[in-house]
Amino acid sequence: MRKTQLKTGTKAKGHNFVTALARGLELLRCFGDASEYLGNAELALRTDIPRPTVSRLTATLTQLGYLIYMPQLEKYRLGPRVLDLGYRYLASEGVGSIARPFMQELADATDCMIALGVPEGSQITYTQTCQGPGPLILRLQVGSRVPMAHSAMGRSFLAATPPAQRKPYYELIEADNPSDWPAIRESLEQAYADYAQYGFCMTVGEWSRDISGVGVPLVLENGQRVVSFNCGGAALRLTREVMVENLGPRLKAVVDQVRELVVGGGA
């Protein structure tokens with residue numbers, strides 16, 4: 001069961017930090033997608049927020065339209081106001097609109113899924129996806145999340161993040177995987193070595209044993225902003241050799257094209 005990281009992610013609160021707002025947002029992050037239903041007890045368990053506080057927060061979020069209460073289930077699901085926020089974000093995200101034609105061209109040519117994602121806690125959230133025409137087994141959509149430490153997209157984000165700025169992400173990843181953290185840390189170091197050698201990161205059947213992927217970061221705003229692209233598909237077809245010699249360089253070429261247009265257009 002995934003817990004959100006309110007305690008770990010808000011250590012340095014400061015006098016301007018509004019705890020009630022942070023807790024409300026953490027409740028919204030508990031929902032995997034718009035079809036997931038969660039009750040107050042489940043939300044309290046996932047966030048470590050006291051149940052009476054959760055009840056007040058869910059009542060408020062329901063009144064505002066961010067949650068919808070299903071009385072027959074005594075549970076909540078995401079409401080339309082959340083989608084409105086998401087669409088506003090995506091509409092303002094210039095990188096995705098610029099990148100999409102290049103992503104779709106590569107998806108069609110390779111019969112893979114090409115995605116663009118941004119960090120969210122210890123995960124990466126897809127903000128743009130393009131599918132190839134064939135019978136793919138990887139059909140993730142906008143809003144889907146993948147683990148930062150076990151996905152090529154997440155590893156490429158960390159690889160492009162300066163070492164001094166990785167600590168908050170390491171804390172979140174370790175909190176999610178305390179017993180596996182030493183092995184995860186070792187796999188991240190290997191990913192950084194791949195990035196230094198090839199300019200991209202790879203996973204072969206790690207976050208899903210049937211899926212492999214290659215990830216390439218796009219560093220913007222003088223290093224202040226990093227987004228990641230990936231190319232994923234069946235592990236039987238996407239071997240490490242294929243990714244090193246074919247898909248990795250092709251995805252890098254796509255990201256280079258996007259970077260040139262984004263920097264030139266000021267996105």
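The numbers here are math on the coordinates, done by the rules we state, and not lab data. Here the structure is a predicted model, which is why all the values come from computation and not from measurement. Note that we place each Cβ from the backbone using ideal geometry, even for glycine, and neighbour counts take in every protein chain shown.
Here are some notes:
- Distance in nm between pseudo-label sites at ALA193 and LYS167 (7 Å out along the Cβ direction from Cα): 2.6 nm
- 0 to 90° range, to nearest 10: angle between helix 19-29 axis and the chain longest Cα axis: 60 degrees
- The residues packed around ALA152, meaning those with a beta-carbon under 10 Å from its beta-carbon, carry a net charge of -1 if Lys and Arg are +1 and Asp and Glu are -1.
- Of all the options ALA196, ALA183, ALA159, the one that moves most in a Gaussian network model of the chain with Cα springs shorter than 10 angstrom is ALA183.
- Shape of region 90-195, Cα gyration tensor, a/c cut at 1.5: prolate
- When the Gaussian network model of the chain links Cα atoms closer than 10 Å, the mean-square fluctuations of LYS75, LYS167, LYS252 top out at LYS167.
- Computed FRET value (nearest 0.05) for SER55 with ASN222, which takes r as the C-beta separation and R₀ as 35 Å: 0.20
- Here the spin labels are modelled as points 7 Å beyond Cα on the Cα-Cβ line, and at ALA109 and ARG237 they lie 1.6 nm apart.
- Crossing angle, helix 248-265 versus the chain [Cα axis fit, 0-90 degrees, rounded to tens]: 70 degrees
- Modelled FRET efficiency - R0 30 Å, GLN72 with ALA22, Cβ distances, 0.05 increments: 0.45
- Ranked by the mean number of other Cβ atoms within 10 Å of their residues, highest first, the peptides 45-58, 120-133 fall in the order 120-133, 45-58.
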